[in-house]
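Enquirer: Questions regarding the structure given below will be posed in turn.
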Amino acid sequence: MSTKTDQKRFILPCFFFILFLCVLASINEVRLDSLLKFGQCVSNFSSQSDQYSTSENSINLAANSSDSSSDEDIRILIGIPTLADQYQRRHFLRLIYGTQSPVGAKIDVKFVFCNLTKEDQKVLVALEIMRYNDIIILNCKENMNKGKTLTMFSSLPEIFNDTNEQYPPYHYVMKGDDDTYLRLNSLVESLKPLPREDLYYGYVIPCRSMDPFKHYMSGMGYLVSWDIVEWIRESDIPRKEFEGPEDKVFGDWMRNGRRGKNRYNAKWSMYNYPEPPTTCTHELWPDTIAVHLLKNQEKWIRTLTYFNVTANLKPSKMYHIP
């Protein structure tokens, strides 16, 4: 009798223990499924964040940020020669050009300098590239008028020509100074009626001249079509003469190579800052493509204020700007 009683006492705890294990397994399965779903959610969010980060990695100014650019859009590369150590100037210009939204164009702004020479540059410039992807480092010794312009233009086809992408990668390439304010919509509008081949565009020097075929275009910002960029890479003419004022030397290439049969003088939509007054200056006015010689912050602020560049600032509870 005692044996049967002992068996019942043993069976009942075992039954409840097995029942407990089944309940526990069921709960764990629910938790595991929830964890898997949560993990998948985190993974998807991380992937979306990476895609967003990548899309923000360069100053790529499309017609509308919400729409993909059209094949009909004008493609322009603006190369701004600078020095590796000029971090603040580059950050400032990223604000200037990153807040413009040109219509009917895809514009890439790249900062161009020669080989890095300091340990801190290798770290800081690498961080800029990782964040903005808007820097071109040429294989040259830093200079202004001893061949940097030749190195820049002749390097572009190798950098950007890709059979898997659109050809040409850009319709136009512009060299712009870092003390020039370019109004990109005005630039695009001026280019729309112009040829996309054999074009040489800019502000004619000397200041009194209006004949784009007689002299050359000012270094404040001159533009050529992609076929001329490829010619610079292949021709011996630029390699025979590359030292001297870079804008004048560039004009000599056009003349000696009989290039730039299509020329456009953007004067007086391009001009020097009005102070001090010279034959190259006039007052700021609405029909402006470029203002040159913005050598200090006061001149930049006065210029940006005149063109009301913060007009599209949206109201927010996060700030109060009178």
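Enquirer: Quick one: which of 192, 267, 248 is at pLDDT 95 or above and under 20 Å from residue 82 (Cα atoms)?
Expert: Result: 248 is the single residue among 192, 267, 248 that is at pLDDT 95 or above and under 20 Å from residue 82 (Cα atoms).
Enquirer: Something else now. Of the conditions (1) small (Gly, Ala, Ser); (2) under 23 Å from residue 301 (Cα atoms); (3) buried (at least 23 other Cβ atoms within 10 Å of the Cβ), residue 186 fails just one. Which one is it?
Expert: (3)
Enquirer: Considering only residues of the range 260-273 that are assigned to a loop (DSSP other than H, G, I, E, B) and in contact with a strand residue (DSSP E or B) (Cβ under 7 Å, 6 or more places away or on another chain), which is surrounded by the fewest Cβ atoms within 10 Å (Cβ to Cβ)?
Expert: 267
Enquirer: Has the range 242-255 got any residue that is surrounded by 16 or more Cβ atoms within 10 Å (Cβ to Cβ), under 14 Å from residue 265 (Cα atoms) and more than 24 Å from the chain's Cα centre (by Cα)?
Expert: Yes, the conditions are met somewhere in the range 242-255.
Enquirer: Here's a follow-up. Among the residues of the range 282-322, count how many are farther than 12 Å from residue 183 by Cβ, outside any loop (DSSP other than H, G, I, E, B) and of a type outside the set (Asp, Glu).
Expert: Residues in the range 282-322 being farther than 12 Å from residue 183 by Cβ, outside any loop (DSSP other than H, G, I, E, B) and of a type outside the set (Asp, Glu): 7 in total.
Enquirer: Restricting the search to the range 117-154, which residues are surrounded by fewer than 17 Cβ atoms within 10 Å (Cβ to Cβ) and of a type in the set (A, V, I, L, M)?
Expert: Passing the criteria: 123, 124, 126, 127, 129, 130, 137, 144.
Enquirer: Sticking with this structure for a sec: In this structure, does residue 163 turn out to be surrounded by fewer than 12 Cβ atoms within 10 Å (Cβ to Cβ), outside any helix (DSSP H, G or I), at pLDDT 95 or above and of a type outside the set (D, E, K, R)?
Expert: Judged against the criteria, residue 163 is not a match.
Enquirer: Could you pull out the residue among 154, 101, 190, 186 that is within 28 Å of residue 271 (Cβ to Cβ), hydroxyl-bearing (Ser, Thr, Tyr), touching an Asp or Glu at 6+ places or on another chain (Cβ under 9 Å) and in contact (Cβ under 8 Å) with a residue 24 or more places away in the chain?
Expert: Answer to the selection: 186.
Enquirer: Can you tell me which residues in the range 188-215 are more than 17 Å from residue 290 (Cα to Cα) and either outside any loop (DSSP other than H, G, I, E, B) or β-branched (Val, Ile, Thr) (or both)?
Expert: Residue satisfying the conditions is 199 alone.
Enquirer: Under 8 Å by Cβ, and 6 or more places apart or on different chains, what pairs join a residue from the range 199-223 that is more than 21 Å from residue 187 (Cβ to Cβ) with one that is assigned to a strand (DSSP E or B) and charged (D, E, K, R)?
Expert: Going by the 8 Å Cβ cut-off, the qualifying pairs are 213/263.
Enquirer: Regarding the range 274-292, can at least one residue be identified that is surrounded by 12 or more Cβ atoms within 10 Å (Cβ to Cβ), under 27 Å from residue 101 (Cα atoms), in contact (Cβ under 8 Å) with a residue 24 or more places away in the chain and of a type outside the set (Val, Ile, Thr)?
Expert: Yes - at least one qualifying residue is present in the range 274-292.
Enquirer: When the range 200-231 is examined, which residues are found to be over 23 Å from the mean Cα position of the chain (by Cα), among the hydrophobic types (A, V, I, L, M, F, W, C) and either closer than 15 Å to residue 149 by Cα or buried (at least 17 other Cβ atoms within 10 Å of the Cβ) (or both)?
Expert: The answer is 204, 205, 217, 231.
Enquirer: Evaluate the following for residue 310: is it farther than 25 Å from residue 201 by Cα, polar (S, T, N, Q) and under 24 Å from the mean Cα position of the chain (by Cα)?
Expert: So residue 310 passes the test.
The values are calculated or read from the model by the stated rules, or taken from the named source; none is laboratory data. Quick caveat, the model's predicted, so the values are computed rather than measured. Quick reminder, even Gly has a Cβ in these numbers, built from the backbone with ideal geometry, and neighbours come from all protein chains shown.
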